[in-house]
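The values are calculated or read from the model by the stated rules, or taken from the named source; none is laboratory data. Fair warning: this is a prediction, and the values are worked out from it, not measured in the lab. Accessible surface is based on the protein model in full, side chains and every heavy atom, while ligands, DNA and RNA are left aside. Shrake-Rupley method; radii C 1.70, N 1.55, O 1.52, S 1.80 Å.
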Amino acid sequence: MSTPTSTAQTYCSRCETTLEAGVRFCSSCGTAVDAEREAMRAHPRTSQEFLLERVRQATAGEFDIISELGRGGMATVYLAHDVPLDRKVAIKVMSPDLYVQDDNAERFKREARTAAALSHPHIIPIYSVREIDDLLFFVMKYVEGRPLDHIIQNGGALPISIISAILNQVGSALAFAHRNGTVHRDIKPANILIDEDGWAMVTDFGIAKVAQTRGLTMTGGTVGTPTYMSPEQCMGGEITGASDQYSLGIVAYQMLVGSLPFQADTVMSSMWAHVNKSPKSIEQARPECPRVIAHAIMRMLEKTPARRWPAVSDAIEAMGPMEEQDTPTRASMVRLATGEGGSADVVVKKRVSTAVRAEETVQTDTVDEQVVTLTVAPPAGKISAGETLQLKATPRSSDGSELSNRTVLWSVSSTGVVSVSEDGLVVGLGEGDVTVKAVCDGAIDVCTITVSPVPVAQVKVDPSKQTIRMMESLQLAVELADANGNVSLGRRVNWVSSDPAIAEVTDGMVLGIRPGKAVIAATIDGARGACTVNVTAIPLAQLTVDPQDALIGTGESIQLKADPVDARGMTLGDRKVEFSSSDPAAVSVTSRGVVTGMK
């Protein structure tokens, strides 16, 4: 085996930035250059030719290396033929320069095993992790298609229907990973592949933590691509699934607008923007984007994790229901994966129409413009059960022109809340929130509708008048009816007392406080019903004076105590007792019961 060859150029072993002659520190991560050059002398940079030869020798008999698929500072990926299983695979080999540094090898293996445990239709599976001498690599499924970054670079902004499909599929993969305790840490278009079957696939799960390639930045122990990193990732904070949600939001923004929300010339300025700047409104950048999708993505891009969606799945659900898998959208994604037709979701359909004029048949070709956007108006609505709302769906071409005579298919997320006709007429059936979806040639938009119960027109409180004693309670009942006299069930009314010092009320339960009258009212939907409650004092059953007999001299005094009680023997502390003397000249008594001998 030949010895490794070294290139004349040196690189930072931490971030793979090219080190210019004479510099003392790496311009990207700040590592001292002297230490870098010492590391380069100890571990010469391995040429790709030498690495390819080593991989071929190490995998001989099991894999035939066909060609190189791509490379970076962290790893090189090869297309290979799995001899025993007769299939194509991708082999990702960790750079030997990284293998000898710290615990990168163990982290690579540990996290590759974690990714291998994720079995999901939109996650590229890892078959095995191998280590031969100082060669560390893993074998994964080979996906024929194109990465999303190439698609965006070649064609710019994507059609709404394709964006919705990609976000739904990638979001489901991330949600699955998060539920299984794995955070990707490096979601970006380069790690999202569109395969030749029209599916979006997520790759490099869990590897980002050790992915120290040029263009990547490490903050603390976290690695990511600066243009897609979350604010907490930029600041070295705790990384959770909310970080992946933010990064996916950046990808979504780029797919919608055709450019990143933050344009920066340096790594630090890019990271600063994620922490401090707000992206331009999607509705301004792409007005035809459905509001529900724009709102969902802008919330994904909140700076504080707690202000984002509770989970990626919530964000995807908020964008509206997805169409069925076997649709024109999927066919368009197949064309994206194969490179046919660029990035535009355009299918030119030709039909032949015939017209007969005086025994002459004239055959002409006409072109149907593809529907690129679909707008439903109104985007949201509120109706009551039994009421109707007319929705209008407007399909438009790529230049914004309205397309007529197109068939729009309507559907609802819950048939128990509303129904929708073929022409978009919505009828409220029951209380709740529902999404009405319109689909036309793969373009999608939705309307969110809230259905409230039929308004209450009459409120009757039973009993209409009642007398209770102090500290007694009374449960009032309420009967509700609409304008047609139909009884409404399960509605909650608002109870209020005209004088809570006399009678309190909670959920229709009245408690007498002190003697007097109070009006107890129940209100709902502007309708009101009431009853009058008369609170009476508790009857006195017995009054005992202590002492009952006493002997005092002239000028002497004693204190009498009076104890009023009810029939249950309970002291009535609210009662005022008056004292009097039958012979004031002999014995005087105050209103408080102080008795004094006079003669």
*Step through the table entries LYS460/LYS517; LYS561/LYS599; LYS277/LYS382, compare each Cα-Cα distance with 27 Å, and write down the pairs that go over it.*
LYS277/LYS382
*Near the amide H of LEU69, under 5 Å away, which other amide H atoms are found, from residues 5 or more places off or on another chain, if H is placed in the peptide plane?*
VAL77, TYR78, LEU79
*asked:* What are the ³J(HN,Hα) couplings of the stretch 306-318, residue after residue, when phi is run through the Karplus curve with 6.51, -1.76, 1.60 and θ = phi - 60°? Round to Hz, x for glycine and proline.
replied: 5, 8, 7, 5, x, 8, 4, 4, 5, 4, 5, 5, 5
*Would you kindly derive the ³J(HN,Hα) couplings of the stretch 453-463 from the backbone phi angles with the Karplus curve 6.51 cos²θ - 1.76 cosθ + 1.60 (θ = phi - 60°), listing them in order in whole Hz, with x for Gly and Pro?*
x, 4, x, 7, 9, 9, 10, 10, 9, 10, x
*asked:* Rounded to whole Å, give me the distance from the Cα center of the stretch 395-461 to that of the stretch 129-201.
replied: 33
*Tensor-based shape of the stretch 400-471 (alpha-carbon gyration tensor, a/c under 1.5 rounded, otherwise prolate or oblate)*: prolate
*Reachable lysines from LYS88, criterion Cα separation under 17 angstrom, eight or more residues apart if same chain*: LYS141
_With the cut-off at 32 Å, tell me which of the pairs LYS303/LYS392; LYS188/LYS392; LYS280/LYS392; LYS92/LYS280 have Cα atoms farther apart than that._
LYS303/LYS392; LYS188/LYS392; LYS92/LYS280
*Would you please classify the overall shape of the stretch 509-599 from the alpha carbon gyration tensor, given that a ≥ b ≥ c denote the square roots of the eigenvalues, rounded means a/c under 1.5, and beyond that prolate means a/b larger than b/c while oblate covers the rest?*
prolate
*Can you list the HN-Hα couplings for the stretch 375-382, worked out from phi with the Karplus curve (6.51, -1.76, 1.60; θ = phi - 60°), rounded to whole Hz and with x for Gly and Pro?*
10, 9, 10, x, x, 8, x, 10
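Determine the order of MET319, MET509 by accessible area, beginning with the largest, at a probe radius of 1.4 Å.
Working: MET319 15, MET509 80 Å².
So, going from the largest accessible area down, we get MET509, MET319.
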